[in-house]
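Remarks on the structure that follows.
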Amino acid sequence: MSTPTAEAAGHNLKAVRQSYYDKIEKFDMAPLWEVLKDVVTKEPITKCVPAIWKYSDVERLMAEAGEVITADEAERRVLVLENPNLHGQTRITNSLFAGIQMILPGETAPAHQHVSSAIRFVLDGEGAYTAVEGEKAMMSPGDFILTPNWAPHDHGNHSPKPMLWLDVLDMPTVNHFETSFAGHFDEAMQNTSRQDGDSLERYGSGVMPDGAPVHLKRSPIINYTYARTRPILERLKKAGDIDPSHGARVRYVNPINGGWALPTMGAHLALLPEGFKGVDYRSTDGTIFVCVEGGGSTTVDGKVLEWGPKDVFVIPPWKKYSHRVSKESVLFSISDRPMQEVLGIWREAKAA
């Protein structure tokens, strides 16, 4: 038990230190030793929580948005998918933005460009397009479409039905570095000299045009179509190439160097066979998932997320999770893994 003298000495020491802290604050300084344990943690700590957005809710609320504002007025009619613990921060994880975009029949989302790279994963509709760097890519459910850094892009819908897709951007990362730029064009639609599928045929067929840019850090392919990717998953399944955590999974790559399709965001498409019970897995990249086919559940640190077609859910960094399905299912996923790999900070942990 401390003596009154020792207690007084302790109080005096605290007062002396606080006086010192008050003094250095006036010089815009602070004592690292007071916060070191909070900034250099033993394991990753995240404010993000697991969350799911059911497509039945998304579709209904997007339909209402179509009555409230036009695509031209909004520039992009998007409902942001905000992580429940990051309200008001326009992000689904600390590093990524996600939202659902809708374009109605006859509408055009005008051409613009920005430093943030973006992807589109098509959820619903048929016959609308996105034009990127002079290529008009027709959109179908399950298609994975790139809008690389600073690439001009616009969207249009000449079909009789609304078109909905998931947008994911590295915008929070760009804004962290305070390097955001954007530009607009006089014409709502860019001139498209290349037709649908041109970049995929040029660069995704095992051959490339002579003189192709060999040092391009992002994929030159605009649209990785679901019709072309889905059969590959079937081949993997039949060959028994099934990861115990991820199922039969492929990675969207830059065909020039075999790296990720974008330098800041990496995506996969996975088939979970009927009765699949995934083993526990975790990694440092917070990951966004979309159910393309089937349905099932994902358990994240004891919380069960039940998902079905077109539902979107997110798993925070370093949270243990496992997938389970009763019927064959397909999941799309995207995360900031490429950025972490370049920095040498990405880690994963698989169940023993």
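For the chain, the longest principal axis of the alpha carbon atoms and the long axis of helix 4-25 meet at an angle near 50°. On the principal axes of its alpha carbon atoms, segment 243-352 extends 37, 27, 24 Å, with the longest extent given first.
Sorting D154, D280, D336 from the fewest to the most surrounding beta carbons within 10 angstrom yields D280, D154, D336. Straight-line cross-link partners of K237 among the lysines, defined as a Cα under 26 Å from its Cα and at least 8 positions apart when in the same chain: K277, K310, K320, K327, K350. A dipole drawn for the chain from +1 and -1 charges on Cβ atoms has a positive end, and of H184, A351, A227 the residue lying farthest that way is A351. Placing a label point 7 Å from the Cα of E234 along the Cα-to-Cβ direction, no residue of segment 266-308 has a backbone N closer than 13 Å. Taken about its Cα centre, the chain carries a charge dipole of about 1360 debye when Lys and Arg each add +1 at the Cβ and Asp and Glu each add -1 at the Cβ. What is the list of residues in segment 285-326 whose amide nitrogen lies under 13 Å from a point 7 angstrom out from the Cα of V35, following Cα to Cβ? The answer is none, because no backbone nitrogen lies closer than 13 Å to the label point.
The calculated P(r) of segment 51-350, using every Cα pair and 20 Å bins from 0, goes 34, 61, 5 in percent. Taking other Cβ atoms within 10 Å as a rough exposure proxy, M29, M208 sort from fewest to most as M29, M208. If one computes the Cα centroid of segment 110-185 and of segment 20-50, what distance in Å separates the two points? So the separation of the two Cα centres works out to 38 Å.
All other residues with a Cβ under 10 Å from the Cβ of G294 taken together, and with Lys, Arg as +1 and Asp, Glu as -1, what is their net charge? With Lys, Arg at +1 and Asp, Glu at -1, the neighbours total -2. Note on L343 and H176: with the Förster distance fixed at 22 Å, the Cβ-Cβ geometry gives a FRET efficiency of about 0.95. Ranked from largest, the principal axis spans of the Cα set of segment 1-57 equal 67, 38, 23 Å. Pairing the Cα long axis of helix 55-68 with the longest principal axis of the chain, what angle in degrees results, from 0 to 90 and rounded to the nearest 10? Result, in degrees: 80. What is the ratio of the Cα radius of gyration of segment 154-290 to 2.2 N^0.38 Å, with N the residue count, to two decimals? Output field value: 1.27. By the count of other C-beta atoms within 10 Å, a proxy for reagent exposure, S199, S19 are ordered fewest to most as S19, S199. Only one residue of N12, V49, T70 has its Cα farthest out toward the positive end of the dipole of segment 1-71, where Lys and Arg carry +1 and Asp and Glu -1 on Cβ, and that residue is N12. Kirkwood-type hydrodynamic radius, segment 1-98: 19.0 Å, calculated from all non-identical alpha-carbon pairs.
Within segment 96-112, which residues have the backbone N less than 12 Å from the label spot 7 Å out from H184 along Cα→beta-carbon, could you tell me? Backbone N within reach: 110-112.
A simple count of charges around D243, restricted to other residues whose Cβ falls under 11 Å of its Cβ and scoring Lys, Arg +1 and Asp, Glu -1, yields +1. In degrees between 0 and 90, to the nearest 10, how far off the longest principal axis of the chain does helix 226-239 point, with axes built from Cα atoms? Rounded to the nearest ten degrees, it is 70.
Extension gain for D241 to S193 (0.36 nm times residue separation, less C-alpha to C-alpha distance): 13.3 nm.
Bear in mind these aren't lab numbers, they're just calculated from the coordinates by the rules spelled out. All values reported here derive from a predicted model rather than from experimental measurement. Note that each Cβ is placed from the backbone with ideal geometry, even for glycine, and that neighbours are counted across all protein chains shown.
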